[in-house]
Amino acid sequence: MNFSWFGIFVFAMIAALVSASTCPSPFKSEKGLCTAQRTIRGECPSGSTYKINVNACVFGG
């Protein structure tokens, strides 16, 4: 029986786990969060919000 579908499934799961642990381009991993500094105008990059307790823009939060 051909189990190549299982190998592809396992590979896809590993690839998803590896890509989920990295932060997008302008963000850096810091204390388990993807953070970026606010720009001069005080706006956060798209997809992030400013968190006061972290004093930075947090991605996805």
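The values are calculated or read from the model by the stated rules, or taken from the named source; none is laboratory data. Only a predicted model underlies this, so the values are computations on that prediction, with no experimental measurement involved. Here the Cβ is made from the backbone with ideal geometry for all residues, glycine too, and neighbour counts use every protein chain on show.
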Suppose we filter segment 35-56 for residues that are assigned to a loop (DSSP other than H, G, I, E, B) and among the polar types (S, T, N, Q); how many remain?
5
Which pairs do you get when a residue that is on the phi < 0 side of the Ramachandran plot, found in segment 30-57, comes within reach of a residue that is of a type in the set (Asp, Glu) and assigned to a loop (DSSP other than H, G, I, E, B), reach meaning Cβ atoms under 7 angstrom, with the pair 6+ apart or on two chains?
none
For segment 50-61, enumerate the residues that are more than 14 Å from Cys23 (Cβ to Cβ) and touching a Cys at 6+ places or on another chain (Cβ under 7 Å).
Tyr50
Please enumerate the residues belonging to segment 11-60 that are surrounded by 10 or more Cβ atoms within 10 Å (Cβ to Cβ), at pLDDT 85 or above and among the aliphatic types (A, V, I, L, M).
Leu33, Ala36, Val54, Ala56, Val58
